[in-house]
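Colleague: Submitted below is the structure of interest, expressed as structure tokens.
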Amino acid sequence: MRKSILSLITFFLCSVISLSSFAGWHLDNKNSLLNFISVKKGAIAENHSFKTLEGSVDKNGQVNISVDLTSVDTNIAIRDERMKKFVFETQQYTSAVFNAQLDKQLLAKLSAGDSKMATINGTLNFHGHSQEVNFDVTVSKLNKDTLLVTTLKPFFIKADAYGIVAGINKLKELASLPSIDYVVPVSFSVTFTR
């Protein structure tokens, strides 16, 4: 009887350990940042961000990240509203979504305290347009249940590729600006937990 109880406990523990090693990762919004820079008048750069991100990496390495476009934060309320209305058109497009397939071995080979550089290839669906994108990142396993993924360098969103040139032109008109760049540098630091 004692042997069968010990066998049952051992089986249960092995099952839990096995499941946790393949468990999915969930984006920790409180400890994640997605930033972009706008440049106006050819020389004035300003930092902006999004307050709400959601996402996961499943046990098969499938990455899904959603950016709530209504959570844009430019530090100026009227500019936030104008970006939502004219650039992002959030009445129709509430989010931008990134999908990618990671090499499962990338996460499996990382031990707590390890970091590895990688290129992530995926698809960005934004403003009704879908484009292939590549990010050069560092993936760091802070501990057994926490991953940190950060861009090594900014990547660039081209306004014409996502149909937002007219919206940027409208911002330019409303703010009486001679120019706002159509290429926007983007960077991120996202934390995943399991």
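No lab work stands behind these numbers, since they all come straight from the coordinates. Computed from a predicted model, the values in this text were never measured in an experiment. Using ideal geometry, Cβ is built from the backbone for each residue, glycine included, and neighbour counts are taken over all protein chains shown.
Colleague: Compare the Cα positions of G55, I168, L107 along the charge dipole of the chain (+1 at Cβ of Lys, Arg; -1 at Cβ of Asp, Glu; about the Cα centre) and return the one farthest towards the positive end.
Modeller: Positive-end residue among those listed: L107.
Colleague: Relative to the first principal axis of the alpha-carbon coordinates of the chain, what is the inclination of helix 2-21, with its axis defined by its Cα atoms, in degrees from 0 to 90 and to the nearest 10?
Modeller: Long axis of 2-21 versus the principal axis of the chain: about 20 degrees.
Colleague: For the pairs K104/K144; K85/K153; K104/K153; K109/K158, flag any whose C-alpha to C-alpha distance is greater than 26 Å. Don't skip to the end; give the middle numbers.
Modeller: Working: K104/K144 16 Å; K85/K153 29 Å; K104/K153 23 Å; K109/K158 35 Å.
Beyond 26 Å between Cα atoms: K85/K153; K109/K158.
Colleague: If you line up the long axis of helix 165-174 against the longest principal axis of the chain, both from Cα atoms, how many degrees apart are they, to the nearest 10?
Modeller: Between helix and principal axis, roughly 50 degrees.
Colleague: Quick check on the exposure proxy: order I44, I168 from fewest to most C-beta atoms within 10 angstrom.
Modeller: On the way: I44 11, I168 20.
In increasing order of surrounding Cβ atoms, one gets I44, I168.
Colleague: Could you please rank H129, H48, placing first whichever residue has the fewest other Cβ atoms within 10 Å of its Cβ?
Modeller: Details: H129 13, H48 19.
Placing the least packed residue first, the sequence is H129, H48.
Colleague: In whole Å, how far is the Cα centre of region 126-160 from that of region 54-124?
Modeller: 7
Colleague: Per 10 Å bin, what percent of the C-alpha pairs of region 40-103 does each bin hold, from zero upward?
Modeller: The calculated distribution, bin by bin, is 20, 39, 27, 13, 1.
Colleague: Which one, G122, G113, G167, has the greatest fluctuation when you compute a Gaussian network model over the chain with C-alpha springs under 10 angstrom?
Modeller: In the Gaussian network model the winner is G113.
Colleague: Please express the shape of region 24-193 as an equivalent ellipsoid: the semi-axes are the square roots of 5 times the eigenvalues of the C-alpha gyration tensor, given largest first in whole angstrom. Don't skip to the end; give the middle numbers.
Modeller: Values: eigenvalues 194, 46, 42 Å².
The three semi-axes for region 24-193 are 31, 15, 14 Å.
Colleague: How many times 2.2 N^0.38 Å is the alpha carbon radius of gyration of region 77-118? Kindly include the intermediate steps, with their values, before the conclusion.
Modeller: Values: Rg = 18.6 Å, N = 42, 2.2 N^0.38 = 9.1 Å.
Computed over Cα atoms of region 77-118, the ratio equals 2.05.
Colleague: Oh, and also: Cut-off 10 angstrom, C-alpha nodes, Gaussian network model of the chain. Which of Q62, Q105, Q131 fluctuates the most?
Modeller: Comparing Q62, Q105, Q131 in the GNM, the peak value goes to Q105.
Colleague: Continuing with this model, one more query. Straight-line reach from K41: which aspartates and glutamates have Cα under 16 Å away, leaving out those fewer than 8 places along the same chain?
Modeller: E173, D181
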